[in-house]
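Asks: Pasting a structure below so you can have a look.
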Amino acid sequence: MAADEPRWWWDLKQGRAVTDEERGPADDALGPYPSKAAAEAWRETRDAREEEWKDEDERWSGEDEE
């Protein structure tokens, strides 16, 4: 992300993607994201990460062995 490009956040209170200028308190924001589209896709990003972590935990604990 270049210094002159805006950072995007998902504002939990407003329920929308916002720039630094529009962002509320840090406790109400997720990010920063490199683009508005990435901020709007925060749920998909979270779900994908959680699935990866779950799979990794299963591998670590040996649950995926047959």
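Every read-out reported here was derived from the displayed coordinates using simple, explicitly stated rules and does not represent laboratory data. Owing to the predicted nature of the structure, the values given are computational and were not obtained by experimental measurement. With ideal geometry, Cβ positions are generated from the backbone for all residues, glycine too; neighbour counts draw on all protein chains shown.
Asks: Could you rank the peptides 19-27, 36-44 by their average count of other C-beta atoms within 10 Å per residue, with the highest value first?
Replies: Result, highest mean Cβ count within 10 Å first: 36-44, 19-27.
Asks: Once the Cβ-Cβ distance between Asp4 and Glu56 is put in as r, and R0 is 35 Å, what FRET efficiency do you end up with, to the nearest 0.05?
Replies: Efficiency computed from Cβ-Cβ geometry: 0.45.
Asks: Give or take rounding to whole Å, what are the principal axis extents of the alpha carbon atoms in the range 1-55, in descending order?
Replies: That works out to 38, 26, 16 Å along the principal axes.
Asks: Next question, about the same structure. Among residues other than Arg7 whose Cβ falls under 12 Å from its Cβ, what is the net charge (Lys/Arg +1, Asp/Glu -1)?
Replies: Once all neighbours under 12 Å are counted, the net charge is -3.
Asks: Can you compute the charge dipole magnitude of the chain about its Cα centre, using +1 on each Lys and Arg Cβ and -1 on each Asp and Glu Cβ, nothing else charged? Give it in debye, rounded to the nearest 20.
Replies: 640 debye
Asks: Same structure, new question: Tell me the net charge near Val18. Cut-off is 11 Å between Cβ atoms, Val18 excluded, with +1 for each Lys or Arg and -1 for each Asp or Glu.
Replies: So the surrounding residues net to -1.
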